[in-house]
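Enquirer: One structure, as structure tokens, below. Some questions next.
The values are calculated or read from the model by the stated rules, or taken from the named source; none is laboratory data. Predicted model only: the values in this text are computed from it and were never measured. Here Cβ is always computed from backbone atoms with ideal geometry, including for glycine, and neighbour counts include all displayed protein chains. With ligands, DNA and RNA removed, areas are computed over all heavy atoms of the protein, side chains included. Shrake-Rupley method; radii C 1.70, N 1.55, O 1.52, S 1.80 Å.
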Amino acid sequence: MFTRTITQAAAVRSRGGSIITRGLGTTRGRTAAFHVQDNDDFQDRVLNSDTPVVVDFHAQWCGPCKLLGPRLETIIGGKGEKVHLAKVDIDNVSDLALDYGVSAVPSVLAVKDGKVVDKFVGLQEESRIEAFVNRLIGE
Amino acid sequence: MRSVVVVVVGGVRLGLLPRCSTTSQYSRHIHTSRASVWASKSYFRRPTSVYGTVGVCGSNIKVVGSLESAGGSFVSMAPITTDNINPGEVVDKSIAQNKVMIFSKSSCPFCLKIKDLFKSLNVEYVALELDQINNGAEIQNALLEKSGQRTVPNVYINGEHIGGADKTISLHTQGELLPLINKSSHSYDYDMVVIGGGSGGLAASKESANLGMKVAVCDFVTPTPKGTTWGLGGTCVNVGCIPKKLMHQSAILGGELKDSREYGWDTPETVTHDWGRMVEAIQNHIGSLNWGYRVALREKKVDYLNAYATFTDPHTIKTVDRRGKEKIITSDKFLVATGGRPRYPDIPGAKDHTITSDDIFSLPHAPGKTLLVGASYISLECAGFLAGLGYDTTVMVRSILLRGFDQQIAEKIGTYMEQHGVKFIRGAVPTNIEKIEEGTPGKLRVTAKTTDGEEVVGEYNTVVVAIGRDPCTSGIGLENAGVDLAKNGKVVVEKGEQSSVPHIYAIGDVMEGGLELTPVAIQAGRLLARRLYRKDSLQTDYVNVPTTVFTPLEYGCCGLSEEAAIDKYGEDDIEVYHSSYQPLEFTVAHRPENDCYAKLVCVKSENEKVVGFHILGPNAGEITQGFSIGLKLGATKADFDNLIGIHPTAAEIFTTLNITKRSGKDVSAQGC
């Protein structure tokens, strides 16, 4: 079942979709988005974070991920320091993705105080992403 | 399906909890007499000739016999009688002496359901039918005292109280029932370690885990000389069937774009193909498949080790991961499913300058003018799609095409490819390959020698060698485990894919005498796991396995080639029915009339049993898959004749084959 989901997802092509880079700054010049390097990094910057974090599980081979990435970037970038964006390449940090039950990508989790409080799977409209982020930061 | 289905009707009412309540109002009366009987007699011996004795679940008795004869699995019933025996002792002994003990009532639908569950899992159990023995009520009281549960079914596994129907079924749903039953009796880290995460290894590991085993899969892809590597899933998914078929499809589409003009589409005369875009799309799909396998292993609780495994002794492997981290792992059983890798010719420049099927499907740049070395199906398939995509393509062949396949059809494939832009250099082998220009692609000079001793020199952008594959059996310490290898390096196996070391098995491309086909490895892996862990007896059938070569005109076959049939039965006993045909779609497209071909190889003395099925034409894979079941079931030529065709299809040609090769009559297509 999951295979089909991913396959369909991967079939949606995205060319020229940008991939967020580490250290992408917000208007305040603080790091709001970062790439998760490993489990320790995830523990440190996501689970132990005082700021709520949106975690974007993505893959290089996933077309929809390349469309969702910039949308998340824009919306979260616009929230200033209220929320961070953690990007997890599931092929680099596979066990972490599996631990969080990522069977299809993109899979997006909302983490607050070390707990997953919300999630969605698949490409979403900007308005729905906005609502998702707002719920996380209580706006 | 075995005939063990017990349909539960009548007794089930909506709202009824899935268990049976006791109807007995007897007080807790525990018999104490005749206790010594237990010590002197084995009451738990499986009844063999005492069917019908009170205390044995009658409705299942016949089933017991049929199960035993059907597949070596069984359901046993005991004890024979419990009269005048201390009920507490009955309970204790029943639990202690039976791996799976069900206290049951023959009329209870939930008991039936649980017994059916164990039967479906091929798990041996003992059921004591409390309503068919005189002291059932007392035993039920004893059960209440012991387990706190009065209701039936009351299930014990390995001496441990499980509970009733609900609990047992929910354990099964969560995949925890079989692990409870199949508790290992060894002290190794794993029950099964699979070396090689390809089609066969993954299938075996998942099935073993399904059956409650603790399983690990070691998979490590040694990069090609060009540095190509890939994810979990093995050859087929990453560098074989999957990308091959997709590139074949890409080439087919090019041909159909040309046809489309005849069908009214204003398709431009010149359409271009973007190699990079095709590769990216295919690799994206493969990436999703790789991830799917990771997820599946995690779901089945199979440990995945992305590390290179080497045997250090018959029960121990050492694994080394990408970072050089070592680990020692022990296992009760091992499965060697390491597959094969392309062989390079032993000539100067081969490893430095050529690529193989391991590289071509992820080649980042267009290959340009390409030489394929070898006449294997891999070589011809690659040549086919490269030519179809518009690349200048040459195949260098030492002797015959498609060794092992029907040679008449092999030659037809060669002829068709030649007519469609593929150049063939026959009777030649390369002797030297040198780089004469850097670039993506660069330029290579290939020197070859013909069988006449002539030297042939050619320049190509890409050289793909596809001269054969070697099994991955060296460098994994099989000698430390004592596993015997055949001359060709494959693992020698007895029936049941068992190597010379009884607890080490081999399937797939490393198994001597097998077939190098993904579905064969999958079947072998799955059935092996079921034989090992579910007492199944079904062996993988390596006969009449259908397959298809995805050359521009696909070639599907099942059973024997004409040559093999003649070898086996003698020329006089073989009748070959054949015909050329033109798929309807070719007519409007003005494609040739006689390129496609169908033939049935029949044995005269066996009522014209069909022992070889061959088709050369579009969608041959789809056609062959269905017909192959006919061969497995022993279909005769008359069966094919009696079959009514689907019109208009290509496959219907098999229902009307009436020209024998022996007659020498013309088989050119006759039209509709």
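Enquirer: Filter segment B:524-566 for residues that are at pLDDT below 95 and assigned to a loop (DSSP other than H, G, I, E, B); which is least open to solvent (accessible area, probe 1.4 Å)?
Expert: Looking at residues that are at pLDDT below 95 and assigned to a loop (DSSP other than H, G, I, E, B), I get B:Asp536.
Enquirer: What tally of residues in segment B:246-261 results from selecting those that are over 23 Å from B:Asp392 (Cβ atoms) and open to solvent by 20 Å² or more (accessible area, probe 1.4 Å)?
Expert: To start, the set of residues in segment B:246-261 that are over 23 Å from B:Asp392 (Cβ atoms) comprises B:260-261.
Then drop every residue that is not open to solvent by 20 Å² or more (accessible area, probe 1.4 Å), which leaves B:261.
Number of matching residues: 1.
Enquirer: What residue, of A:Asp50, A:Asp91, A:Asp40, A:Asp118, is closer than 30 Å to B:Asn238 by Cα and open to solvent by 30 Å² or more (accessible area, probe 1.4 Å)?
Expert: Working: A:Asp50 fails: closer than 30 Å to B:Asn238 by Cα; A:Asp40 fails: closer than 30 Å to B:Asn238 by Cα; A:Asp118 fails: closer than 30 Å to B:Asn238 by Cα.
Just one listed residue meets the conditions, A:Asp91.
Each row is one residue, and each column tells you yes or no for (1) of a type in the set (Asp, Glu); (2) within 28 Å of B:His186 (Cα to Cα); (3) part of a strand (DSSP E or B).
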{"site": "B:Ile282", "(1), (2), (3)": "no, no, no"}
{"site": "B:Ser288", "(1), (2), (3)": "no, no, no"}
{"site": "B:Arg294", "(1), (2), (3)": "no, yes, no"}
{"site": "B:Lys301", "(1), (2), (3)": "no, yes, no"}
{"site": "B:Thr312", "(1), (2), (3)": "no, yes, yes"}
{"site": "B:Lys327", "(1), (2), (3)": "no, yes, yes"}
{"site": "B:Thr330", "(1), (2), (3)": "no, yes, yes"}
{"site": "B:Tyr344", "(1), (2), (3)": "no, no, no"}
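Enquirer: Give me the pairs, please: first residue somewhere in segment B:528-549 and on the phi > 0 side of the Ramachandran plot, second residue anywhere and open to solvent by 30 Å² or more (accessible area, probe 1.4 Å), beta-carbon distance under 8 Å, and either six or more positions apart or on two chains.
Expert: As it stands, the answer is B:Lys535/B:Gly72; B:Lys535/B:Glu124; B:Asn544/B:Gly559; B:Asn544/B:Lys632, since those pairs meet every condition given.
Enquirer: What are the residues in segment B:282-303 that are in contact with a strand residue (DSSP E or B) (Cβ under 9 Å, 6 or more places away or on another chain), at the interface with chain A (Cβ under 10 Å from one of its Cβ atoms) and surrounded by fewer than 21 Cβ atoms within 10 Å (Cβ to Cβ), if any?
Expert: To start, the set of residues in segment B:282-303 that are in contact with a strand residue (DSSP E or B) (Cβ under 9 Å, 6 or more places away or on another chain) comprises B:293-294, B:297-298, B:300-303.
Next cut, at the interface with chain A (Cβ under 10 Å from one of its Cβ atoms) only: B:293-294, B:297-298.
Scanning segment B:282-303 gives a single hit, B:Arg298.
Enquirer: I'd like the residue in segment B:326-337 that is open to solvent by 50 Å² or more (accessible area, probe 1.4 Å) and touching a residue at least 12 places away in the same chain (Cβ under 8 Å) and, out of all such residues, is farthest from the other protein chains (Cβ to nearest Cβ). Before the answer, list the steps.
Expert: The initial filter retains those residues of segment B:326-337 that are open to solvent by 50 Å² or more (accessible area, probe 1.4 Å), namely B:326-328.
Filter once more, so that each one left must be touching a residue at least 12 places away in the same chain (Cβ under 8 Å): B:327-328.
On the way: B:Lys327: 15, B:Ile328: 21 Å.
Restricting to residues being open to solvent by 50 Å² or more (accessible area, probe 1.4 Å) and touching a residue at least 12 places away in the same chain (Cβ under 8 Å), the top hit is B:Ile328.
Enquirer: Still on this structure, please answer the following. Identify all residues within segment B:626-636 that are under 23 Å from B:Glu554 (Cα atoms) and in contact (Cβ under 8 Å) with a residue 24 or more places away in the chain; write none if there are none.
Expert: As a first pass, look at segment B:626-636 and keep what is under 23 Å from B:Glu554 (Cα atoms): B:626-632.
Answer for segment B:626-636, where residues must be under 23 Å from B:Glu554 (Cα atoms) and in contact (Cβ under 8 Å) with a residue 24 or more places away in the chain: B:Gly626, B:Phe627, B:Ser628, B:Leu631, B:Lys632.
Enquirer: Is there a residue being farther than 25 Å from B:Gly617 by Cα, more than 14 Å from every other protein chain (Cβ to nearest Cβ) and open to solvent by less than 70 Å² (accessible area, probe 1.4 Å) anywhere in segment B:274-281?
Expert: So the first thing to find is which residues in segment B:274-281 are farther than 25 Å from B:Gly617 by Cα, and the list is B:274-277, B:279-281.
Filter once more, keeping what is more than 14 Å from every other protein chain (Cβ to nearest Cβ): B:275.
Remaining after also requiring open to solvent by less than 70 Å² (accessible area, probe 1.4 Å): B:275.
Yes - at least one qualifying residue is present in segment B:274-281.
Enquirer: Give the residues of segment A:103-120 that are of a type in the set (A, V, I, L, M, F, W, C) and away from chain B (no Cβ under 14 Å), sorted by residue number.
Expert: To start, the set of residues in segment A:103-120 that are of a type in the set (A, V, I, L, M, F, W, C) comprises A:104-105, A:108-111, A:116-117, A:120.
Of everything in segment A:103-120, those that are of a type in the set (A, V, I, L, M, F, W, C) and away from chain B (no Cβ under 14 Å) turn out to be A:Val108, A:Leu109, A:Ala110, A:Val111, A:Val116, A:Val117, A:Phe120.
Enquirer: List the number of the failed condition for B:Glu269; all other conditions in (1) modelled with pLDDT of 95 or more; (2) over 25 Å from B:Asp219 (Cα atoms) hold.
Expert: (1)
Enquirer: Identify, please: which residue in segment A:55-81 is open to solvent by 10 Å² or more (accessible area, probe 1.4 Å) and outside any helix (DSSP H, G or I) and is, among those, nearest to the other protein chains (Cβ to nearest Cβ)?
Expert: Among residues in segment A:55-81 that are open to solvent by 10 Å² or more (accessible area, probe 1.4 Å) and outside any helix (DSSP H, G or I), the one nearest to the other protein chains (Cβ to nearest Cβ) is A:Trp61.
Enquirer: For segment B:400-410, name all the residues that are part of a loop (DSSP other than H, G, I, E, B) and open to solvent by less than 50 Å² (accessible area, probe 1.4 Å).
Expert: Going residue by residue through segment B:400-410, those that are part of a loop (DSSP other than H, G, I, E, B) are B:400-406.
The answer is B:Leu401, B:Leu402, B:Phe405, B:Asp406.
Enquirer: Can you find a residue that is farther than 30 Å from B:Glu585 by Cα and either within 14 Å of chain A (Cβ to nearest Cβ) or not small (Gly, Ala, Ser) (or both) anywhere in segment B:238-251? Steps first, please.
Expert: Of segment B:238-251, the ones farther than 30 Å from B:Glu585 by Cα are B:238-239.
Applying the additional criterion that residues be either within 14 Å of chain A (Cβ to nearest Cβ) or not small (Gly, Ala, Ser) (or both) yields B:238-239.
The answer is yes, given that some residue of segment B:238-251 is farther than 30 Å from B:Glu585 by Cα and either within 14 Å of chain A (Cβ to nearest Cβ) or not small (Gly, Ala, Ser) (or both).
Enquirer: Hey, any hits in segment B:198-218 for a residue that's of a type in the set (Lys, Arg) and either within 21 Å of B:Pro314 (Cα to Cα) or in a strand (DSSP E or B) (or both)?
Expert: The initial filter retains those residues of segment B:198-218 that are of a type in the set (Lys, Arg), namely B:206, B:214.
Then drop every residue that is not either within 21 Å of B:Pro314 (Cα to Cα) or in a strand (DSSP E or B) (or both), which leaves B:214.
There is at least one residue in segment B:198-218 that is of a type in the set (Lys, Arg) and either within 21 Å of B:Pro314 (Cα to Cα) or in a strand (DSSP E or B) (or both).
Enquirer: Looking only at segment B:621-672, count how many residues are outside any loop (DSSP other than H, G, I, E, B), of a type in the set (D, E, K, R) and more than 15 Å from B:Val611 (Cα to Cα). If you could, list the steps in order and put the result at the bottom.
Expert: Looking only at segment B:621-672, we keep the residues that are outside any loop (DSSP other than H, G, I, E, B), and these are B:621-632, B:636-642, B:651-655, B:660.
Still in the list and also of a type in the set (D, E, K, R): B:622, B:632, B:637, B:639, B:641, B:652.
Remaining after also requiring more than 15 Å from B:Val611 (Cα to Cα): B:622, B:641, B:652.
Matching residues across segment B:621-672 total 3.
Enquirer: Just checking, how many residues over segment B:262-273 are surrounded by 15 or more Cβ atoms within 10 Å (Cβ to Cβ) and either β-branched (Val, Ile, Thr) or without any contact (Cβ under 8 Å) to a residue 24 or more places away in the chain (or both)? I'd like the intermediate steps shown before the answer.
Expert: To start, the set of residues in segment B:262-273 that are surrounded by 15 or more Cβ atoms within 10 Å (Cβ to Cβ) comprises B:267, B:273.
Then keep just the ones that are either β-branched (Val, Ile, Thr) or without any contact (Cβ under 8 Å) to a residue 24 or more places away in the chain (or both); that gives B:267.
Count: 1.
Enquirer: Continuing with this model, one more query. Please indicate, with yes or no, whether at least one residue in segment B:174-196 is in contact with a Pro (Cβ under 8 Å, 6 or more places away or on another chain) and either in contact (Cβ under 8 Å) with a residue 40 or more places away in the chain or on the phi > 0 side of the Ramachandran plot (or both). Quick ask: steps written out before the conclusion?
Expert: Start the filter on segment B:174-196 by keeping residues that are in contact with a Pro (Cβ under 8 Å, 6 or more places away or on another chain), which leaves none.
Scanning segment B:174-196, I find no residue that is in contact with a Pro (Cβ under 8 Å, 6 or more places away or on another chain) and either in contact (Cβ under 8 Å) with a residue 40 or more places away in the chain or on the phi > 0 side of the Ramachandran plot (or both), so the answer is no.
Conditions tested, residue by residue: (1) more than 25 Å from B:Lys226 (Cβ to Cβ); (2) touching a helix residue (DSSP H, G or I) at 6+ places or on another chain (Cβ under 6 Å); (3) not aliphatic (A, V, I, L, M).
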position: B:Pro441; (1), (2), (3): no, no, yes
position: B:Lys449; (1), (2), (3): yes, no, yes
position: B:Glu455; (1), (2), (3): yes, no, yes
position: B:Glu479; (1), (2), (3): yes, no, yes
position: B:Asn488; (1), (2), (3): yes, no, yes
position: B:Ala506; (1), (2), (3): yes, no, no
position: B:Met511; (1), (2), (3): yes, no, no
position: B:Leu515; (1), (2), (3): yes, no, no
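Enquirer: Quickly run through segment B:360-381 and pick out the residues that are of a type in the set (Ser, Thr, Tyr) and part of a loop (DSSP other than H, G, I, E, B). It would help to see each step written out before you state the result.
Expert: Residues of segment B:360-381 that are of a type in the set (Ser, Thr, Tyr), as a first pass: B:362, B:370, B:376-377, B:379.
Of everything in segment B:360-381, those that are of a type in the set (Ser, Thr, Tyr) and part of a loop (DSSP other than H, G, I, E, B) turn out to be B:Ser362, B:Ser376.
Enquirer: Considering (1) assigned to a loop (DSSP other than H, G, I, E, B); (2) hydrophobic (A, V, I, L, M, F, W, C); (3) open to solvent by less than 20 Å² (accessible area, probe 1.4 Å), say which one B:Val601 fails and leave the rest.
Expert: Among (1) assigned to a loop (DSSP other than H, G, I, E, B); (2) hydrophobic (A, V, I, L, M, F, W, C); (3) open to solvent by less than 20 Å² (accessible area, probe 1.4 Å), the lone unmet condition for B:Val601 is (1).
Enquirer: Consider B:Ile615 against the criteria (1) surrounded by 21 or more Cβ atoms within 10 Å (Cβ to Cβ); (2) touching a Leu at 6+ places or on another chain (Cβ under 8 Å); (3) among the aliphatic types (A, V, I, L, M): it satisfies all of them except one. Which criterion is unmet?
Expert: (2)
Enquirer: Condition first: assigned to a helix (DSSP H, G or I), surrounded by fewer than 21 Cβ atoms within 10 Å (Cβ to Cβ) and within 35 Å of the chain's Cα centre (by Cα). Now tell me which residues in segment B:140-180 satisfy that. Give the steps one after another, and end with the answer.
Expert: We begin by selecting, within segment B:140-180, every residue assigned to a helix (DSSP H, G or I); these are B:140-147, B:165-173, B:177-180.
Those still in the list that are surrounded by fewer than 21 Cβ atoms within 10 Å (Cβ to Cβ) too: B:144-147, B:166-167, B:169-173, B:178-180.
Residues satisfying the conditions are B:Asp166, B:Lys167, B:Ile169, B:Ser170, B:Leu171, B:His172, B:Thr173, B:Leu178, B:Pro179, B:Leu180.
Enquirer: So, restricting to strands (runs of 3 or more DSSP E) that lie completely within segment B:411-522, which ones have at least 1 residues that are in contact with a Pro (Cβ under 6 Å, 6 or more places away or on another chain)? Write out each step before concluding.
Expert: Details: elements: B:422-426, B:428-437, B:443-450, B:455-460, B:462-465, B:469-471, B:504-506.
By residue number, B:428-437, B:443-450, B:462-465, B:469-471.
Enquirer: Here's something else I'd like to know. Quick one: A:Tyr100 ticks every box in (1) within 14 Å of chain B (Cβ to nearest Cβ); (2) over 19 Å from A:Pro52 (Cα atoms); (3) open to solvent by 10 Å² or more (accessible area, probe 1.4 Å) bar one, so which box is it?
Expert: Among (1) within 14 Å of chain B (Cβ to nearest Cβ); (2) over 19 Å from A:Pro52 (Cα atoms); (3) open to solvent by 10 Å² or more (accessible area, probe 1.4 Å), the lone unmet condition for A:Tyr100 is (2).
Enquirer: I need a count of the residues in segment A:82-97 that are more than 14 Å from chain B (Cβ to nearest Cβ) and assigned to a helix (DSSP H, G or I).
Expert: Taking segment A:82-97 and keeping what is more than 14 Å from chain B (Cβ to nearest Cβ), we get A:82-87.
Filter once more, keeping what is assigned to a helix (DSSP H, G or I): A:82.
So the count comes out to 1.
Enquirer: Check B:Val193, B:Val221 and return the single one that is crowded, with 19+ Cβ neighbours inside 10 Å, under 22 Å from B:Thr473 (Cβ atoms) and more than 14 Å from every other protein chain (Cβ to nearest Cβ). Step through it out loud before you land on a result.
Expert: Details: B:Val221 fails: more than 14 Å from every other protein chain (Cβ to nearest Cβ).
None of the other options fit; the residue is B:Val193.
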